[in-house]
Amino acid sequence: MAGYSTDKGRSTKTKDTMFVAVEILADGRTGNIALQPIEGFKSEELKYAIKDNVSAEAQIKTDAYHSYKKLAWNIRKKVV
């Protein structure tokens, strides 16, 4: 996970994949941060990382990456 790479985006040729979740508090400050190594960015890997690290009551904000669209969440999500 350490090191420098010039690869951009979600390329995993020279980078490890990580799930990152950041809590945004009501006043806009950052709360808890969760980091978890994952195998890749497929829906199946993301599903377990979300279940392990994110409250079911949370509103999730994501980019429009296709793997998020395939997840059947019982939680609120918002694409930003």
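Yes or no: segment 5-21 includes at least one residue that is at positive phi and either modelled with pLDDT under 90 or polar (S, T, N, Q) (or both).
Just the residues of segment 5-21 that are at positive phi, to begin with: 9.
Then keep just the ones that are either modelled with pLDDT under 90 or polar (S, T, N, Q) (or both); that gives 9.
Among the residues of segment 5-21, at least one is at positive phi and either modelled with pLDDT under 90 or polar (S, T, N, Q) (or both), which makes the answer yes.
Mind checking which residues of segment 18-44 are open to solvent by 30 Å² or more (accessible area, probe 1.4 Å) and of a type in the set (Phe, Trp, Tyr)?
If the condition is that a residue be open to solvent by 30 Å² or more (accessible area, probe 1.4 Å) and of a type in the set (Phe, Trp, Tyr), then 41 is the only one that fits.
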- Filter pass, residue 33 being touching a strand residue (DSSP E or B) at 6+ places or on another chain (Cβ under 8 Å), modelled with pLDDT of 90 or more and not in a loop (DSSP other than H, G, I, E, B): yes
- Message: So in segment 39-68, with the set limited to residues that are among the charged types (D, E, K, R) and closer than 23 Å to residue 25 by Cβ, which one is farthest from the chain's Cα centre (by Cα)?
- Response: 57
- Item | Subset of segment 45-74 (residues that are open to solvent by 80 Å² or more (accessible area, probe 1.4 Å) and modelled with pLDDT of 85 or more) | 48, 51, 52
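The values are calculated or read from the model by the stated rules, or taken from the named source; none is laboratory data. Since we're looking at a predicted model, the values are computed, not measured. So basically every Cβ, Gly included, is an ideal-geometry build from the backbone, and we count neighbours across all protein chains shown. The accessibility values were calculated without ligands, DNA or RNA, using every heavy atom of the protein model including side chains. Shrake-Rupley method; radii C 1.70, N 1.55, O 1.52, S 1.80 Å.
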